[in-house]
Amino acid sequence: MQIAIAGAGYVGLTTGACLCELGHTVSVVEVDPIRLERLERGESPFYEPGLTPLLNRHLGANLRVTGSLSEGLAGARVLFACVGTPPRRTGAPDLGFLRRLLTDIRQRGAAWTDGAQPVVVLKSTVPPGTNRWAQGFLGDRFAVVSNPEFLREGTAIADFFHPDRVVVGAESAAAADLVASLYDTVDAPVMMTGWEEAELVKYATNAFLALKVSFANEIAALCDGLGADAPPVLRALGLDQRIGERFLAPGPGFGGSCLPKDLAALRWKAQRTRVRLDLLPAALRANRRQRQRVIAKLGPVSGKRVAVWGLAFKAGTDDVREAASLEIIPQLLSAGAEVVAHDPEARETFARAIPAEQHPGLRLVADPWEALAGADALLILTEWPIYRSASPEAIRAALKGDLVVDARNLLDPERAAQAGLRYKGVGRRGPGT
Ligand code: UDX
């Protein structure tokens with residue numbers, strides 16, 4: 001089937017490349033000239049494992065990238081809206097990009113397909129009620145379908161081909177069947193729902209994942225206070241089939257472009273709907289508190305140099321949106337510390353968010369061991385494999401001081417102590433914690 005995709009972000013581009021892999025013909029429409037130029041060179045504009053080779057396998061064959069919506073739509077049967085819906089200060093998603101796209105589509109009319117009713121799929125994360133609004137806005141020459149994505153950055157391609165479920169929300173059965181048919185060769189249950197139900201599944205999923213992470217962080221904090229070891233507690237918890245072992249790893253607090261945004265959006269929607277929610281605001285508060293717990297483990301930092309390993313919000317991506325580093329590093333600098341930071345992929349994106357020239361006490365380095373030289377303490381924020389495999393002995397030798405705050409529990413506390421380090425994990429029992 002001929003498909004158009006509006007928006008070459010990690011959802012749009014991954015969806016487009018994977019639909020090509022399923023045998024469809026895809027035109028990706030990207031309005032950002034810099035991003036478009038990189039795409040035309042066969043380069044993914046962001047770090048997503050496996051995406052560049054997948055793009056190059058189909059570019060020039062059944063994948064095309066263009067800056068023109070007209071070109072992208074020509075002959076397409078389905079348009080996937082994968083434009084950004086960034087959060088406003090209130091938590092409300094900004095639907096400006098989506099509104100502009102739909103206005104453009106409405107003005108064009110339905111002529112861009114071969115006479116069949118064009119299907120407009122909202123894959124962007126949008127508040128409940130948006131698909132219904134879009135259908136009214138476009139009119140019944142079009143059919144609007146909700147098809148939320150559950151792609152995780154760093155594993156987006158695998159998540160596309162091996163989803164736990166595909167959700168299709170529509171009022172038109174024919175349009176729902178058409179969208180569901182795109183995933184015919186994907187081995188996963190397809191749930192057909194109404195619009196609001198599909199929109200809510202997306203928010204409820206991310207809200208629950210955020211709750212689970214915050215719960216794990218609070219159990220870890222309790223373990224710190226009790227001198228207990230969190231990993232066996234959380235492992236035993238996860239063995240309960242009703243709970244499940246994933247998303248129970250304590251850390252510096254959840255980040256990324258989705259969990260914080262979607263939690264805030266759901267809280268905002270509930271307020272607008274006059275439904276009082278207690279858990280979601282608590283999960284956001286717990287997340288902010290977790291960041292402060294990690295900072296407190298460093299003790300006084302004024303006049304000290306802190307090495308930071310990890311800027312990305314998680315391993316496997318160069319994305320720093322809502323990352324712990326974005327909140328913690330400025331606080332360390334304001335407290336009078338000097339910070340030397342490393343990340344294998346996210347230095348450039350971090351520097352765009354926090355320009356080093358505006359922060360004289362901040363330096364980004366390409367070698368993780370260079371960050372340790374002369375540092376009084378090491379703070380680990382992202383679970384990159386190169387940090388997990390670092391030897392405590394080598395860390396001790398490279399550091400000037402002896403403190404390691406490991407916010408991802410990558411190192412072994414016993415081995416760290418034997419190497420002469422004062423090791424502080426999150427919920428780790430052991431000498432020095
Ligand atoms: C998330 C959802 O998982 C995905 O389904 C949705 O489509 C988009 O949002 P993503 O934002 O890529 O994906 O990150 P995810 O892997 O969910 O992690 C979110 C945050 O939680 C990261 O900061 C991560 O480090 C943190 N996390 C995750 C933990 O701290 N502990 C865990 O056990 C798991």
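Dipole of segment 66-187 computed with +1 at Lys/Arg Cβ and -1 at Asp/Glu Cβ about the Cα centre; of Thr130, Phe142, Leu73, farthest Cα towards the positive end is Thr130.
Helices from the chain with mean Kyte-Doolittle at least -0.5 and a Cα length along the axis of 24 Å or more, per DSSP H: which?
195-226, 279-298
Over what distance in Å are the Cα centres of segment 236-252 and segment 387-405 separated? Cα centroid of segment 236-252 versus Cα centroid of segment 387-405: 28 Å apart. For segment 299-370 versus segment 158-200, the inter-centroid distance based on Cα atoms is 40 Å.
With all pairs of different alpha carbon atoms counted, what Kirkwood hydrodynamic radius in Å does segment 202-358 show? Walk me through the numbers before you get to the answer.
Details: mean 1/r = 0.0590 Å⁻¹.
Here the Kirkwood hydrodynamic radius works out to 17.0 Å.
Comparing Gly84, Gly251, Gly361 in a Gaussian network model of the chain where C-alpha atoms under 10 Å apart are linked, the largest mean-square fluctuation is found at Gly361. Counting only residues at least eight positions apart within a chain, or on another chain, the aspartates and glutamates with an alpha carbon under 19 Å from that of Lys304 are Glu327, Glu338, Glu370, Asp376, Asp402, Asp406. Ranking Trp384, Trp268 by solvent-accessible area of protein heavy atoms (1.4 Å probe, all protein chains present), from largest to smallest, gives Trp268, Trp384. To the nearest 10 square angstrom, how much accessible area does Ser302 have with a 1.4 angstrom probe? Surface accessible to solvent at Ser302 totals approximately 90 Å². Applying a threshold of 24 Å to the alpha-carbon distances of Lys269/Lys297; Lys269/Lys314; Lys212/Lys261; Lys123/Lys261 flags Lys269/Lys297; Lys269/Lys314 as lying beyond it.
Need one number for segment 22-116: average projected area of the convex hull over its C-alpha atoms, nm². Intermediate values should be presented prior to the final figure.
On the way: hull surface 30.8 nm².
Convex hull of Cα atoms, orientation-averaged projection: 7.7 nm².
In the chain, what percentage of the DSSP-assigned beta bridges are antiparallel, given to the nearest 5? Given both bridge residues lie in the chain, the antiparallel proportion sits at roughly 5 percent. Skipping prolines and chain starts, which residues have an amide H placed within reach, meaning under 5 Å, of the one on Val190, given they are 5 or more residues away or on another chain? Hits under the 5 Å cutoff: Val166.
Given a 1.4 Å probe and every protein chain left where it sits, what share in percent of the accessible area of segment 280-433 is carbon and sulfur? Working shown, then result.
Numbers: 3080 of 6240 Å².
Exposed carbon and sulfur together represent 49 percent of the surface.
Mean separation of Cα pairs under 8 Å and 6+ residues apart, divided by the residue count of segment 92-241: what relative contact order is that in percent? Walk me through the numbers on the way to the answer.
On the way: 168 pairs, mean separation 29.1, N = 150.
Taking the mean separation of contacting Cα pairs over the length of segment 92-241, I get 19 percent.
Whenever you get a sec, line up Asp229, Asp343, Asp177 from highest to lowest accessible area (probe 1.4 Å, protein heavy atoms). Intermediate values should be presented prior to the final figure.
Working: Asp229 35, Asp343 0, Asp177 90 Å².
The ranking, largest first, comes out as Asp177, Asp229, Asp343.
Of the listed residues Asp104, Asp318, the order by accessible area with a 1.4 Å probe, largest first, is Asp104, Asp318. In this structure segment 204-309 gives 51 Å² per residue of accessible area when probed at 1.4 Å with all protein chains present. For Gly67, the amide hydrogen comes within under 5 Å of the amide hydrogens of Glu30, counting only partners 5 or more places away or on other chains and with H modelled in the peptide plane. Considering only alpha-carbon pairs that sit under 8 angstrom and 6 or more positions apart, the relative contact order computed for segment 375-433 is 34 percent. Normalising the average separation of contacting C-alpha pairs (under 8 angstrom, six or more residues apart) by the number of residues puts the relative contact order of the chain at 12 percent.
The values are calculated or read from the model by the stated rules, or taken from the named source; none is laboratory data. Quick caveat, the model's predicted, so the values are computed rather than measured. Counting neighbours? That spans all protein chains shown, and the Cβs are built from the backbone with ideal geometry, glycine included. Just so you know, the surface numbers come from the protein's heavy atoms only, side chains and all, with ligands and any DNA or RNA stripped out. Shrake-Rupley method; radii C 1.70, N 1.55, O 1.52, S 1.80 Å.
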